[in-house]
Amino acid sequence: MTEKGPMRVAVLVSGGGTNLQAILDAVDQGRIRNTEIAAVISNNKDAYALERARRHGIYAVTIAPSGYESRASYGAALKEEIDRLHTDLIVLAGFLVQVPKEIVEAYSNRIINIHPALIPSFSGKGYYGLHVHEAALKRGVKVSGATVHFVDANLDEGPIILQQSVAVEEGDTPETLQRRIMEQAEWKILPKAIDLIAAGRVSVDGRNHVIIRE
Ligand code: GAR
């Protein structure tokens, strides 16, 4: 009988990497089980997330779109690296590039993203990072939050895995709201989703809705 090893994860990042840090801490503390972070891949060589990975002894690499002559050749290079790592799950943790379509096709329901709002609110083109929180405050919502979802061909539209709401407070700025949503939602539900997937408890039904088994 062959025993299947830990789920191999490639984490894609662009910036500070606090969500990456939450994942690394959760693996260390046993809140994410049966999972190995095989690599951290950035589109941006200056991303602090790369430093966090290296400090943790994790293979960290930059594959920058600017280094390729076309979007297709960038996509091919990124896919080659992800394939080479024998990746079971791709986690977008603040990855601000749209995933090339050849990767979305090859890794159907094996790519997850964290979005800093309750999808479908404040999602889609132009809604990333602080822009999301600026829009939420401008609209005057009383509740926002975060969503973990599978990635399909359309930005922020794939099946929703987990959501966590967070209260907006009087006097919030985009920065204070972003921080509260990270602390109370993102850093919890992203590690949780990875653990559930590693345990084989997450599936997608015929309506494209996520089912989480007890
Ligand atoms: C996070 O808030 C994440 O939800 C958001 O970027 C931030 C990255 O922070 N992602 C998006 O807006 C994707 N549309 P981090 O690098 O500290 O994890």
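Some observations on this one:
- Test: residue 11 is within 15 Å of residue 191 (Cβ to Cβ), in contact with a strand residue (DSSP E or B) (Cβ under 8 Å, 6 or more places away or on another chain), touching a residue at least 40 places away in the same chain (Cβ under 8 Å) and buried (at least 17 other Cβ atoms within 10 Å of the Cβ): yes
- For region 136-151, the criterion of being in contact with a strand residue (DSSP E or B) (Cβ under 9 Å, 6 or more places away or on another chain), at positive phi and either surrounded by 15 or more Cβ atoms within 10 Å (Cβ to Cβ) or touching a residue at least 40 places away in the same chain (Cβ under 8 Å) (or both) is met by at least one residue.
- Top-ranked residue in region 94-124 [being over 23 Å from residue 188 (Cα atoms) and hydroxyl-bearing (Ser, Thr, Tyr); ranked as nearest to the ligand (Cβ to nearest atom)]: 107
- Filter result for residue 63 (among the β-branched types (Val, Ile, Thr), surrounded by 13 or more Cβ atoms within 10 Å (Cβ to Cβ) and touching a Phe, Trp or Tyr at 6+ places or on another chain (Cβ under 9 Å)): yes
- Test for residue 73: is it of a type in the set (Ser, Thr, Tyr), within 16 Å of the ligand (Cβ to nearest atom) and more than 18 Å from residue 186 (Cβ to Cβ): no
- Within region 125-165, tally of residues that are closer than 28 Å to residue 8 by Cα, among the aromatic types (Phe, Trp, Tyr) and within 10 Å of the ligand (Cβ to nearest atom): 1
- Looking across region 1-46 at every residue that is among the small types (Gly, Ala, Ser) and assigned to a strand (DSSP E or B), the one that is farthest from the ligand (Cβ to nearest atom) is identified as 38.
- Pairs with Cβ under 6 Å, 6+ apart, first in region 85-112 and assigned to a loop (DSSP other than H, G, I, E, B), second within 16 Å of the ligand (Cβ to nearest atom) and of a type outside the set (A, V, I, L, M, F, W, C): 93/19; 94/14; 94/15; 94/19; 95/14; 96/14; 96/128; 97/43
- Options 135, 77; residue that is in a helix (DSSP H, G or I), within 21 Å of residue 42 (Cα to Cα) and in contact with a Phe, Trp or Tyr (Cβ under 8 Å, 6 or more places away or on another chain): 77
Results for (1) closer than 25 Å to residue 199 by Cα; (2) in contact with a Cys (Cβ under 7 Å, 6 or more places away or on another chain); (3) of a type outside the set (Phe, Trp, Tyr), shown as yes or no for each residue.
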{"site": "21", "(1), (2), (3)": "yes, no, yes"}
{"site": "24", "(1), (2), (3)": "yes, no, yes"}
{"site": "30", "(1), (2), (3)": "yes, no, yes"}
{"site": "33", "(1), (2), (3)": "yes, no, yes"}
{"site": "37", "(1), (2), (3)": "yes, no, yes"}
{"site": "50", "(1), (2), (3)": "no, no, yes"}
{"site": "65", "(1), (2), (3)": "no, no, yes"}
{"site": "74", "(1), (2), (3)": "no, no, no"}
{"site": "77", "(1), (2), (3)": "no, no, yes"}
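- Pairs are defined by a Cβ separation below 7 Å, a sequence spacing of at least 6 or placement on different chains, a first member in region 30-43 that is buried (at least 22 other Cβ atoms within 10 Å of the Cβ), and a second member that is among the polar types (S, T, N, Q) and not in a strand (DSSP E or B); the pairs so defined are 42/14.
- Residue among 53, 60 that alone is within 15 Å of the ligand (Cβ to nearest atom) and more than 27 Å from residue 184 (Cα to Cα): 60
No lab work stands behind these numbers, since they all come straight from the coordinates. Everything numeric here is computed off the predicted structure, so don't read it as measured data. Glycine gets a Cβ as well: all are built from the backbone with ideal geometry, and neighbour counts include every protein chain shown.
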